[in-house]
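The values are calculated or read from the model by the stated rules, or taken from the named source; none is laboratory data. Just so you know, these numbers come straight off a predicted model, no measurement behind them. Please note: Cβ atoms are built from the backbone with ideal geometry, for glycine as well, and neighbour counts cover all protein chains shown.
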């Protein structure tokens, strides 16, 4: 049995685990993401891998990271909140481990997890839309992740959904992320009602129909997701669209989007199936390991 140190690096926490080649977790945990500016993320990873090596024969390190990644070199062009990764060749930063290292974008890892063991195992063409602080995305085309130039493909959150404002201001408030993310829904509800509510509470109030202002804001939220999804289906014609993020696990989430797409253009629902991702918080780690195994197999094949 082979064992791997696997990390899912986020702006708040770094989730880590020891996994076998089948994706089973033998142990897992999380640490707070270090404050940015001193490069402390790299010693954190190195120390954790070395602690794993005391008990397991670790064969490699797999990383899920925020932002755009050049997967061959491990160079990170953009890293969201984890700025210590930005403009670094991560494989070189971790080379003292003397282990194979592979890294991939976090949304791409979620898609890879679905392809490997989730709800896209039989699909050669699908996309993932992750709904959270912003809108993330991954494009799986012709049985592989499509990265685009500098690894920037799949930045669905930057899609423009509204052209009412001057074009110089569109990215400030009219993107998919601004109009269709959970964080922005929570922010708009607080501005409208004066109440600081969680996404779960907002959704429960929406289903109950008890608050007209919340009904209006959640309707806007689902309208934005439906419009963005229509744009992506028209552009890529995937077999399946998978939704991830905590709110996607709420009852009736996909049905709300389907109902709105029926109003926009019902024919596209015959083209692409809509579903939720199978994996929640572990998707990044499962996908990171799958990416590692794929990359290492390719290197063995081609030398």
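A few points about this structure:
- Here is the figure for the stretch 74-90: residues that are farther than 20 Å from residue 15 by Cβ and either touching a helix residue (DSSP H, G or I) at 6+ places or on another chain (Cβ under 7 Å) or assigned to a helix (DSSP H, G or I) (or both) total 1.
- When the stretch 139-186 is limited to residues that are assigned to a helix (DSSP H, G or I) and on the phi > 0 side of the Ramachandran plot, the one that is surrounded by the most Cβ atoms within 10 Å (Cβ to Cβ) turns out to be 151.
- Among the residues making up the stretch 273-288, those that are in contact (Cβ under 8 Å) with a residue 40 or more places away in the chain and either surrounded by fewer than 16 Cβ atoms within 10 Å (Cβ to Cβ) or under 15 Å from the mean Cα position of the chain (by Cα) (or both) are 276, 277, 278, 279, 281, 282, 283, 284, 285, 286, 287, 288.
- Residue that is within 19 Å of the chain's Cα centre (by Cα) and either over 19 Å from residue 155 (Cα atoms) or modelled with pLDDT under 95 (or both), where the choices are 252, 245: 245
- Test: residue in the stretch 97-112 that is free of Cβ contacts under 8 Å to residues at least 24 places away in the same chain, under 20 Å from the mean Cα position of the chain (by Cα) and not in a loop (DSSP other than H, G, I, E, B): no
- For residue 262: the one exception among (1) modelled with pLDDT under 95; (2) more than 17 Å from residue 118 (Cα to Cα): (1)
- Residues in the stretch 6-33 that are within 13 Å of residue 106 (Cβ to Cβ), without any contact (Cβ under 8 Å) to a residue 24 or more places away in the chain and touching a helix residue (DSSP H, G or I) at 6+ places or on another chain (Cβ under 9 Å): 0 in all.
- Top-ranked residue of the stretch 34-58 - restricted to ones that are out of contact with any helix residue (DSSP H, G or I) (no Cβ under 7 Å at 6 or more places or on another chain) and buried (at least 16 other Cβ atoms within 10 Å of the Cβ), ranked as farthest from residue 136 (Cα to Cα): 56
- Of the residues making up the stretch 1-19, those that are more than 14 Å from the chain's Cα centre (by Cα) and within 19 Å of residue 115 (Cβ to Cβ) are 4, 6, 19.
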